[in-house]
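The values are calculated or read from the model by the stated rules, or taken from the named source; none is laboratory data. Here the structure is a predicted model, which means the values were calculated and not measured. Ideal geometry is used to build each Cβ from the backbone, glycine not excepted, and the neighbour counts take in all protein chains shown.
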Amino acid sequence: MLRDGLNLLKDKSVNHKKIPLMDEAYFNLNGNLDEKAVVCSRDQPWIPSPRRGVLRRPMYRLGGEVARATSVVRYEPGSVFDNHKHPGGEEIFVLEGVFQDEQGDYPAGTYLRNPPGSSHSPRSLDGCEIFVKLWQFCPGDSQSKSIRTDQAAWTDMGADGTMMLPLHSYGGVIVQLIRLPAVSQKFSLPFENGMEIFVIRGRIEDCSGQYGAGCWIRHPRSGRLDIHSSDGAIVYVETGRQEKPFIALPR
Ligand SMILES: [Fe+2]
């Protein structure tokens, strides 16, 4: 369940000020894909969206009113968003609560891909939090997806119980979930052309530090990252994005 949606207006961490549309930092937040970026979203203030009751914590954003962006978005209970199209594609992972649109209800753990050409009117009766990536589809990637990751068949990756679930693959860009058991062994993640990690549950550690739920880490170029977890964790991992073209933002 959403922890505190009903008390959101009392939440001192929520920034109820007007979105700083003219702020250069808002137009370009971690916009250089050649640089490592780390944002722990839970340390960031909630910023109102144009729609009342829908708030966001941006981690990556490039562009103005229409932007390529990676954010955590919160729908307060009963909130709705206007019908909108996804000309650059929309990728969603439901973190808490139940996200809804005309096609159905998507409980926590659901992975969605809404490709260019799709549209919907999202809402959440009881409130939800979602991880969202906008305008980050490769040209030609037109697959719709709705995967209940809590009901899917995961692949065993080793003796310690590390599991993997493939979510999507197109043109060299690969999206998967990795589930690390508590007190896991080191799990090696080789990557080419960039890797993006979002910690969905639990906490992971690598050579640079510890990252709890809600942390987003982007590694540029190619390499290998060893991660492990003391408490158990589920992480979203995307590789291969850096060298692939995005659908162009409108000028
Ligand atoms: Fe959408």
Yes or no: A159 more than 19 Å from T239 (Cβ to Cβ), aliphatic (A, V, I, L, M) and either in contact with a Cys (Cβ under 7 Å, 6 or more places away or on another chain) or modelled with pLDDT of 95 or more (or both)?
-> no
Mind listing whichever residues of segment 184-200 are in a strand (DSSP E or B) and surrounded by fewer than 18 Cβ atoms within 10 Å (Cβ to Cβ)?
-> S188, P190
Among the residues of segment 113-128, write down those that are within 12 Å of the ligand (Cβ to nearest atom) and of a type in the set (G, A, S).
-> S118, S119, S121
Can you name the strands (runs of 3 or more DSSP E) wholly within segment 77-144 that have at least 2 residues being modelled with pLDDT under 95?
-> none
